[in-house]
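Student: Dumping the structure here so I can ask a few things about it.
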Amino acid sequence: MMRKITPVIEWGTLLLSTGMVCFFMVVILWDLISKGAPSLSWEFVSTLPRAGMTKGGILPAIIGTVLLTMITALVSVPFGISCAIYLNEYATDNWLTRTIRASIRNLSGVPSIIYGLFGLALFVQGLQMGTSMLSAGFTLGLLSLPYVIITTEEALRRIPASTREAALAVGATQFESIRDVVMPTALPGILTGVVLTLSRAAGETAPILFTGVAFYINNPAGFLNQEFMALPYHLYMLSTQHQAIEQVRPLAYGTALVLIIVVFLLNLTAFYIRYKHSKND
Amino acid sequence: MKLGVRESIDKSIKLVVKTTGLLVIAILGGIFFMLLWNTIAFFLKIHPLDFITGTQWNPSGDPEVYGILPLLVSTCLVTLGAMVIAIPLGIGTAAYLSEYASMRVKSVLKPMIEMLAAVPSVAIGFLGIVVLGPGIADIIGLSNGLNAMNGAILLAVMALPTIITVTDDALHGVPGTYREASYGVGASKWQTLIKVTIPAAGPGIMAAVMLGVGRAIGETMTVLMATGNAAAFPKGFFHSVRTITATIAIEMGEVPYQTTHYYSLFAIAAVLFLITLGVNLTGEYFVNKFRKYHSA
Amino acid sequence: MTNKPIKLSGSSVNVWFGSKQVLKNINVEFPRNQVTALIGPSGCGKSTLLRSFNRMHDLSPDARIEGEFLLEQQNLYEKGLSVTEVRRRIGMVFQKANPFPKSIYENINYGLKINDVPKNERSEIIENALKESYIWDEVKDELQKPATRLSGGQQQRLCIARAVALRPEVILMDEPCSALDPLSTLKIEELIVKLKKDYTIVIVTHNMQQAQRIADKTVFMYLGEVIEAGDTHTIFHNPKNELTGNYVKGHFG
């Protein structure tokens, strides 16, 4: 009797933990979708907030998040890819390289709120950029940098030495071999990493708290040197700081759902690139 | 293009990419310097010992009091709670994925776990306010559920994908010969898992746990939204707490520049930085140990 | 030892990787328009020696190279001499075919493009290189097809065409047939023999029969040293050194 039941219990323990994890995911999705969907409408994503945020849409927050993510990409992608190229293609194993690698690992573990403080000290105050879209985008760019470097270097490392040698052997310089052969081959892997990193940046709130985000800006397509609205911060404010919290709850649910959709779409893009690439191999 | 030109381009590019490598060091150095500079400014006004041992955080009181202990204990409390939940669940799920699950189950579960990792922390915090908090309040019979338990469960959900993925990798890293040897002496699948595979993957699992701890300690939005943020010394899991991260997030927006209060927020950030640094270095130690162990 | 003028030579060559010396005081000469085979057991330094001539070790930070490498009168490691120029004059074919992940046409065009060959001359050069490498008939109708879709043997002949297109003076081949089936190997061997009327060829091989079939000269290396060098026939049938004799008879390796 025991011999038959024990394996079931043992197996059941593992299945139970897996079930719990699935349960969390289902609750998150179910709650956000079932309560957020009724708020979604063309008006919700295409108009300005009205009546002290109790009515209207979230267009400025959507535009803000999109622009912010683009600035993040403009900062972290060239910078990160360049650093990864240095580490994987040029650097020799010496104390300098080891210091750079240790710095990257440490940066990837620094809490996001500390990036917020750094952005405040460096961009907002130090470089006199004020609380603005640029300051916030630069801050998120620094936050994303280590992830871009790590994923790019992984993609570069998968390229065999013989690919580089093929270009060198026909008289290409090292830079030409990287530009013409290594990078095109590594591109799908790099893109996957970059898009995943940006999806994380799009959902970040803590780093932009003090660097430029605002609750309400009546200029929907604000300028780079001005404060801006963003989806994650909008959700935070609607759910904790609004005077009529219960009244704006549907709007909060709608905002949460839009944010999740934006992030998941970016993730799906990354998975698609990875999937398509793995099929081509 | 002339050969000379091509070769000077090659040389300049090498210089450019090297500069970006150096800039990475400069960024970490900049963060470190910023924290140190402002912390020193803070310690010129408040004695370090009062800061470290103070049991009250009340910067707007009269007199101003800057004791980090309530914040530190809050941070530790929610992190501890999160790990008590996330470690067994994470290891259990990873063990199921790597040892039991069929390819079809895996092809559903793995993307789902990646999706869970992608949910922004502010959305998790929101669900803490509207779903989990009220749920806890109902069960325990409190007026509201914004407390350490709420934060701990949410942080566990956020740390789970990291713990599962890294543990799964560690279990996969255990050579198949170990398991075969165990089956060879008549051990069951479960005995093999508990007595052979998990211990062999031990350092890798420790690294996974450390990554999860690092993520939980440094998380801001979830705890800011879900734990109530009472500044008093934490009394337990079912009381409101206020972590280091939440304190920075709440107070930095309101303080005038270069006041003691302003400096104090950098000082608690420096403490947070040192803790996460310690956690990450410990994790790295285990990663290296795991690598050495299995490459030998 | 030779009746043809020397095209490529190395004298007093020493190479270290880190603290490990992999080539010890090597002196070799490769006569013009001849095929010279480098043979010897794995790890004897054949490939290292081969790659020293087109400076492929330049990117390995822990490699240290001493000695004089001459392409006719030109010192290959002369200060101020461009390494890209060296590699254009000394082409290379690798152990595993490594076409660029581009079209067949673009695989050959790439080298021409970066080496500044005028645009209007390129398609003729490409066609000739493919003909010279005996792959033209197989690919002439699908030049835009990705090179990675070709068979292993075709890929390797494409790599030879890629090297040939740049009109190098010397072609280095690092076990070009080790990953191929016997039929593809045969085709490449025929190709090598035909190419020697225009090029000087140095080939590393593990295959004793191959060396005897295609090489005019053979150099036997062991543990980083040249043990014996001379006419292929002499090396295989009348070696002066006992070690050479044992190796070519297959007693070790």
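Student: Go over the candidates A:S162, A:S239, A:S199 one by one and state the one that is of a type in the set (S, T, N, Q), out of contact with any helix residue (DSSP H, G or I) (no Cβ under 9 Å at 6 or more places or on another chain) and either within 30 Å of C:R157 (Cβ to Cβ) or assigned to a helix (DSSP H, G or I) (or both).
Tutor: Matching residue, one of A:S162, A:S239, A:S199: A:S162.
Student: Another question, then. Determine whether C:I227 is in contact with a helix residue (DSSP H, G or I) (Cβ under 9 Å, 6 or more places away or on another chain), of a type in the set (A, V, I, L, M) and farther than 21 Å from C:L130 by Cα.
Tutor: Spelling it out, C:I227 is indeed in contact with a helix residue (DSSP H, G or I) (Cβ under 9 Å, 6 or more places away or on another chain), of a type in the set (A, V, I, L, M) and farther than 21 Å from C:L130 by Cα.
Student: B:A231 fails exactly one of the following numbered conditions: (1) within 14 Å of chain A (Cβ to nearest Cβ); (2) closer than 30 Å to B:G133 by Cα. What is the number of that condition?
Tutor: (1)
Student: I would also like to ask the following. Does the range A:242-263 include one or more residues that are of a type in the set (D, E, K, R) and facing another protein chain (nearest Cβ under 10 Å)?
Tutor: The answer is yes; a qualifying residue exists.
Table: residues versus (1) touching a strand residue (DSSP E or B) at 6+ places or on another chain (Cβ under 9 Å); (2) surrounded by fewer than 16 Cβ atoms within 10 Å (Cβ to Cβ); (3) in a helix (DSSP H, G or I).
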position: B:I46; (1), (2), (3): yes, no, no
position: B:G81; (1), (2), (3): no, no, yes
position: B:A86; (1), (2), (3): no, no, yes
position: B:E99; (1), (2), (3): no, no, yes
position: B:R104; (1), (2), (3): no, yes, yes
position: B:P111; (1), (2), (3): no, yes, yes
position: B:M115; (1), (2), (3): no, no, yes
position: B:A123; (1), (2), (3): no, no, yes
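Student: Same structure, new question: Listed residues A:I208, A:I217; which is of a type in the set (V, I, T), more than 10 Å from chain B (Cβ to nearest Cβ), under 28 Å from A:T69 (Cα atoms) and buried (at least 21 other Cβ atoms within 10 Å of the Cβ)?
Tutor: A:I208
Student: Test of understanding: among A:Y115, A:Y147, which residue is in a helix (DSSP H, G or I) and surrounded by fewer than 24 Cβ atoms within 10 Å (Cβ to Cβ)?
Tutor: On inspection, the qualifying residue turns out to be A:Y147.
Student: Across the range B:100-153, what is the total count of residues that are of a type in the set (A, V, I, L, M, F, W, C), within 10 Å of chain A (Cβ to nearest Cβ) and more than 25 Å from the chain's Cα centre (by Cα)?
Tutor: 3
Student: Quick one: in the range B:146-196, of everything that is of a type outside the set (A, V, I, L, M, F, W, C) and crowded, with 23+ Cβ neighbours inside 10 Å, which residue is nearest to B:V241 (Cα to Cα)?
Tutor: Selected residue: B:N147.
Student: How do the pairs read when you match residues in the range C:113-126 that are in a helix (DSSP H, G or I) with residues anywhere that are among the polar types (S, T, N, Q) and crowded, with 16+ Cβ neighbours inside 10 Å, using Cβ under 7 Å and keeping only pairs 6 or more apart or on different chains?
Tutor: C:R122/C:N109; C:I126/C:N109
Student: While we're here: Name the residues in the range B:197-236 that are in a loop (DSSP other than H, G, I, E, B) and either surrounded by fewer than 19 Cβ atoms within 10 Å (Cβ to Cβ) or among the aliphatic types (A, V, I, L, M) (or both), would you?
Tutor: Hits for the range B:197-236 are B:A201, B:A230, B:A231, B:A232, B:F233, B:K235, B:G236.
Student: Related question: Any residue in the range C:14-34 that is on the phi > 0 side of the Ramachandran plot sitting within a Cβ distance under 7 Å of a residue that is in a strand (DSSP E or B)? List the pairs, counting only those 6 or more apart or interchain.
Tutor: That search, which allows pairs on different chains as well, returns C:N25/C:S12; C:N25/C:N14; C:N33/C:T200.
The rows are residues; the columns are (1) small (G, A, S); (2) surrounded by fewer than 20 Cβ atoms within 10 Å (Cβ to Cβ).
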site: C:E85; (1), (2): no, yes
site: C:G91; (1), (2): yes, no
site: C:A97; (1), (2): yes, no
site: C:I104; (1), (2): no, no
site: C:V117; (1), (2): no, yes
site: C:S123; (1), (2): yes, yes
site: C:K131; (1), (2): no, yes
site: C:A165; (1), (2): yes, no
site: C:M173; (1), (2): no, no
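Student: What is the one condition in (1) touching a residue at least 60 places away in the same chain (Cβ under 8 Å); (2) of a type in the set (S, T, N, Q); (3) within 12 Å of chain A (Cβ to nearest Cβ) that B:Q191 does not satisfy?
Tutor: Only one criterion is unmet by B:Q191, namely (1).
Student: Still on this structure, I have one more. How many residues, within the range C:137-182, are closer than 16 Å to C:A97 by Cα and part of a helix (DSSP H, G or I)?
Tutor: Residues in the range C:137-182 being closer than 16 Å to C:A97 by Cα and part of a helix (DSSP H, G or I): 17 in total.
All of the numbers you see were taken from the coordinates with simple rules; none came from a lab. From a predicted model like this one, the values you see are computed outputs, not experimental measurements. Here the Cβ is made from the backbone with ideal geometry for all residues, glycine too, and neighbour counts use every protein chain on show.
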